[in-house]
Amino acid sequence: MRVGISLRSAYAPPDVRTGARWMVEQAAAAEAAGLDSLFVGDHHATGGPYYQNSPMLGRLLAEWGRRPAGALYLLPLWNPVLVAEQVGTLAALAPGRFVLQCALGADERQFAAMGADIRRRAAVFERSLAVVRRLLAGEAVDGVTIGPLPAEPVEVWIGGTAPKAVDRAARLGDAWLAGPELVPARAAELVGLYRDRCAVHGRAPAAVAIRRDVHVGADDDDAERVARPVLDRGYRGFDPSAPVVGGVHAVAEQFRSLARLGYTDVIVRPLADDQADTLACIKRMAAVRQALAG
């Protein structure tokens with residue numbers, strides 16, 4: 001199983017430069033830990049600081065090596081030409097393969113802020129993805145071409161957990177990205193559905209990924225010390241069994257259980273409030289990877 005990271009992008013320190021510095025430090029820690037991939041998310045009109053995907057990833061790539069990197073784009077909120085141009089430029093900065101994560105998006109407030117119609121998001125998503133792919137392949141779309149073009153094909157991971165979204169990922173994507181809110185039983189059900197839909201559509205996935213929000217402690221007690229106050233506040237509205245919390249071996253065993261279900265990649269996001277705890281968690285992910293390999 002490969003272990004990547006998706007960095008948290010929302011911070012509200014007194015100096016906004018601090019949040020950006022924290023993300024840079026986390027990317028450097030992920031590189032030092034040998035994690036397999038690096039991602040950032042996408043959200044708009046959050047009401048607070050949210051470090052935007054394209055410029056932030058451009059900075060983070062200076063801390064990253066040749067392993068895959070990418071960003072999430074909620075395609076119904078974007079002009080597809082702009083997405084293709086942003087991805088083409090980011091892919092030129094990335095020494096390794098670029099992964100375009102994409103999804104429908106939710107939250108009526110951000111759709112309204114971006115002038116998008118949430119009721120048409122599924123149809124807009126499919127049209128936009130088709131345009132982005134053609135442009136990145138060097139084709140002209142309605143007389144429009146973009147550059148720079150990626151040096152190698154961009155891999156498309158489609159996120160979502162509703163049955164229609166899972167089918168869409170099997171039909172249109174190179175990979176599926178399951179959401180962090182899934183409890184283990186639902187994660188098992190949906191990976192089976194995804195494999196079935198890939199067979200129906202005649203597709204062989206490049207990856208079957210799931211995001212897990214995590215804290216890896218020095219041991220299980222240390223992990224509980226950091227994570228329990230966060231979870232007790234109702235972390236992101238998740239069921240408490242969805243996040244992964246424990247020492248190195250406990251976390252590795254939970255990841256092994258995901259691999260047994262058929263997931264090839266787990267994309268972690270540290271859930272700790274404190275930057276020092278976050279960096280310690282990322283550092284310990286190196287030992288988690290070693291335990292998985294062993």
*Flag for Ala175 being within 28 Å of Gly237 (Cβ to Cβ), hydrophobic (A, V, I, L, M, F, W, C) and either buried (at least 20 other Cβ atoms within 10 Å of the Cβ) or out of contact with any Gly (no Cβ under 9 Å at 6 or more places or on another chain) (or both)*: yes
*Kindly provide the set of residues from region 60-73 that are surrounded by 15 or more Cβ atoms within 10 Å (Cβ to Cβ) and either touching a Phe, Trp or Tyr at 6+ places or on another chain (Cβ under 8 Å) or among the charged types (D, E, K, R) (or both), ordered by number.*
Glu63, Arg67, Pro68, Ala69, Gly70, Ala71, Leu72
*Where in region 1-107 are there helices (runs of 4 or more DSSP H), lying fully within it, with 3 or more residues that are without any contact (Cβ under 8 Å) to a residue 12 or more places away in the chain?*
16-32
*Residues being hydroxyl-bearing (Ser, Thr, Tyr) and within 15 Å of the chain's Cα centre (by Cα): count how many of those fall in region 23-77.*
4
*Give the residue, chosen from Val216, Val208, Val244, that is surrounded by 14 or more Cβ atoms within 10 Å (Cβ to Cβ), within 24 Å of Val99 (Cβ to Cβ) and in contact (Cβ under 8 Å) with a residue 60 or more places away in the chain.*
Val216
_Any helices (runs of 4 or more DSSP H) falling wholly within region 129-235 and containing at least 2 residues that are over 22 Å from the mean Cα position of the chain (by Cα) and farther than 28 Å from Lys283 by Cα_ = 184-201
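Residue-wise test of (1) over 19 Å from Leu261 (Cβ atoms); (2) free of Cβ contacts under 8 Å to residues at least 40 places away in the same chain; (3) small (Gly, Ala, Ser); (4) touching a helix residue (DSSP H, G or I) at 6+ places or on another chain (Cβ under 7 Å).
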| residue | (1), (2), (3), (4) |
| --- | --- |
| Glu155 | yes, no, no, no |
| Pro163 | no, yes, no, yes |
| Arg168 | yes, no, no, no |
| Gly179 | no, yes, yes, no |
*Among the candidates Asp196, Asp239, Asp222, single out the residue that is acidic (Asp, Glu), under 25 Å from Asp174 (Cβ atoms) and surrounded by fewer than 20 Cβ atoms within 10 Å (Cβ to Cβ).*
Asp196
*Answer yes or no as to whether Leu231 is surrounded by 20 or more Cβ atoms within 10 Å (Cβ to Cβ) and not small (Gly, Ala, Ser).*
no
*Tell me, please, whether a residue that is farther than 19 Å from Phe39 by Cα and touching an Asp or Glu at 6+ places or on another chain (Cβ under 8 Å) can be found in region 250-272.*
yes
*Matching entry among Val268, Val251 (being in a strand (DSSP E or B) and either closer than 15 Å to Asp213 by Cβ or at pLDDT below 95 (or both))*: Val268
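The values are calculated or read from the model by the stated rules, or taken from the named source; none is laboratory data. All values derive from a computational prediction rather than experimental measurement. Note: ideal-geometry Cβ built from the backbone for every residue, glycine included; neighbour counts use all protein chains shown.
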